[in-house]
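Reading through the structure tokens given below for one structure.
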Amino acid sequence: MTEQEKKLLLDKRYLRMARIWAENSYCERRRVGALIVKDKSIISDGYNGTPSGFENLCEDEENKTKPYVLHAEANAITKVAKSSNSSEGATLYVTASPCIECAKLIIQAGIRRVVYSEAYRYLDGIELLKKAKIEVDFVEVN
Ligand SMILES: [Zn+2]
């Protein structure tokens, strides 16, 4: 197996794990999972949901996502901030392509690579990441 094939295999494995992690989300409309990997270790994880201490419901009466729901990437990045780890140079695996707000956080967190498995409505987040010279890879998982 070539190095490239090994890398792809590992990418798919982490993305599958992120997809399983998304099942933790209480959000009805959409469930997203994220993992931050550094030196072959998972240093953080996240799924979309309300901040700690808030009720778990993500949607309001009109089935709209509440404005204070955090995205999976934001939850994973802020979890690192609370820990003794650093996301500098890490890879972020996320089941859906990051939005522009999360892209800003990813850049500032020093994450060097983003791997996603599903393209979201808007791709301005991906464009911003590329502009910041972050390696962005789309990997399909079945
Ligand atoms: Zn986002």
Subset of the stretch 23-81 (residues that are over 20 Å from Glu118 (Cα atoms), of a type in the set (D, E, K, R) and either part of a strand (DSSP E or B) or within 17 Å of the chain's Cα centre (by Cα) (or both)):
Lys38, Lys40, Glu59, Lys79
Members of the stretch 1-33 that are within 28 Å of Val69 (Cβ to Cβ), among the hydrophobic types (A, V, I, L, M, F, W, C) and touching a residue at least 24 places away in the same chain (Cβ under 8 Å):
Leu15, Met17, Ala18, Trp21, Ala22, Cys27, Val32
Inside the stretch 92-114, can you point out the residues that are surrounded by fewer than 23 Cβ atoms within 10 Å (Cβ to Cβ) and either assigned to a helix (DSSP H, G or I) or away from the ligand (no atom under 14 Å from the Cβ) (or both)?
Ile100, Glu101, Lys104, Leu105, Ile107, Gln108, Gly110, Arg112, Arg113
Name every residue in the stretch 79-91 that is under 20 Å from Ala132 (Cα atoms) and either touching a strand residue (DSSP E or B) at 6+ places or on another chain (Cβ under 6 Å) or within 13 Å of the ligand (Cβ to nearest atom) (or both), in order of residue number.
Ser87, Ala90, Thr91
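Given the options Ala74, Ala119, name the one that is among the hydrophobic types (A, V, I, L, M, F, W, C), closer than 18 Å to Leu15 by Cα, within 12 Å of the ligand (Cβ to nearest atom) and surrounded by fewer than 24 Cβ atoms within 10 Å (Cβ to Cβ).
Values: Ala119 fails: within 12 Å of the ligand (Cβ to nearest atom).
One residue alone meets the criteria, Ala74.
Every number in this text was worked out from the coordinates using simple rules, so none of it is lab data. All of these numbers come straight from a predicted model, not from anything done at the bench. All Cβ positions, glycine included, derive from the backbone under ideal geometry; neighbour counts span all protein chains shown.
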